[in-house]
Amino acid sequence: FIAALYIDKDLEYVHTFMNVCFFPRLKEFILNQDWNDPKSQLQQCCLTLRTEGKEPDIPLYKTLQTVGPSHARTYTVAVYFKGERIGCGKGPR
């Protein structure tokens with residue numbers, strides 16, 4: 001759309017569109033991370049805590065329990081970071 005606006009009008013129209021429709025929402029979009037699923041958010045957070053010059057630590061997931069028939073299983077999974085359990089949850093996947 002932006003390329004079409006630029007071709008049809010000019011850079012001034014694109015600049016106005018971006019200032020009105022895009023830039024005001026950009027900061028909130030980045031801070032809220034609504035586009036990012038919880039697992040990805042956790043991995044990004046863990047990557048920011050890495051030690052300079054070392055391989056980054058990543059969260060490890062361990063299945064603690066599997067309940068139910070194969071078509072309707074419920075899993076209990078714990079997440080560990082740097083050897084410490086930081087969370088646990090249940091769900092169908």
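The values are calculated or read from the model by the stated rules, or taken from the named source; none is laboratory data. What you are looking at is a predicted structure, and each value in this text was computed from that prediction instead of being measured. Neighbour counts are summed over all protein chains in view; Cβ atoms, including those assigned to glycine, are modelled from backbone coordinates with ideal geometry. Surface accessibility is based on the protein's heavy atoms, side chains included, excluding ligands, DNA and RNA. Shrake-Rupley method; radii C 1.70, N 1.55, O 1.52, S 1.80 Å.
Descriptive notes on the structure:
- Spatially proximal lysines relative to Lys39 (Cα-Cα < 28 Å; intrachain offsets below 8 disregarded): Lys27, Lys54, Lys62, Lys82, Lys90
- The loop-placed GluC sites (Glu not before Pro) in region 5-89, going by DSSP, that have at most 12 neighbouring Cβ atoms within 10 Å of their Cβ come out as Glu52.
- On the beta carbon distance between Leu11 and Asp34, with R0 = 25 Å, the FRET formula returns roughly 0.25.
- Rg to Rh quotient for the chain, alpha carbon positions, Kirkwood Rh: 1.24
- With a 1.4 Å probe rolled over the protein heavy atoms of all chains, the accessible area of His71, His15 falls in the order His71, His15, largest first.
- List Lys9, Lys90, Lys54, ordered by accessible area with a 1.4 Å probe, largest first: Lys90, Lys54, Lys9
- Under 14 Å from a label point set 7 Å out along the Cα-to-Cβ vector of Arg50, the amide N atoms of region 57-82 belong to 57-59.
- Computed from phi, the 3J(HN,Hα) profile of region 35-45 under the Karplus parametrisation 6.51, -1.76, 1.60 (θ = phi - 60°) reads 7, 10, 6, x, 5, 5, 4, 5, 5, 5, 4 Hz, with x in place of Gly and Pro.
- Principal-axis analysis of the Cα atoms of the chain puts helix 23-32 at an angle of about 10° to the longest axis.
- Helical runs (DSSP H, four residues minimum) scored at -39500 (n - 2.57) apiece and divided by the length of the chain put the mean residue ellipticity at 222 nm at -10500 deg cm²/dmol.
- Apolar share of the accessible surface for the chain: 56 percent from carbon plus sulfur atoms, 1.4 Å probe.
- Sequence of Tyr80, Tyr61, Tyr13 from largest to smallest accessible area, 1.4 Å probe: Tyr13, Tyr61, Tyr80
- Close amide H contacts of Gly87 (hydrogens built in the peptide plane, cut-off under 5 Å, sequence separation of 5 or more or a different chain): Val79.
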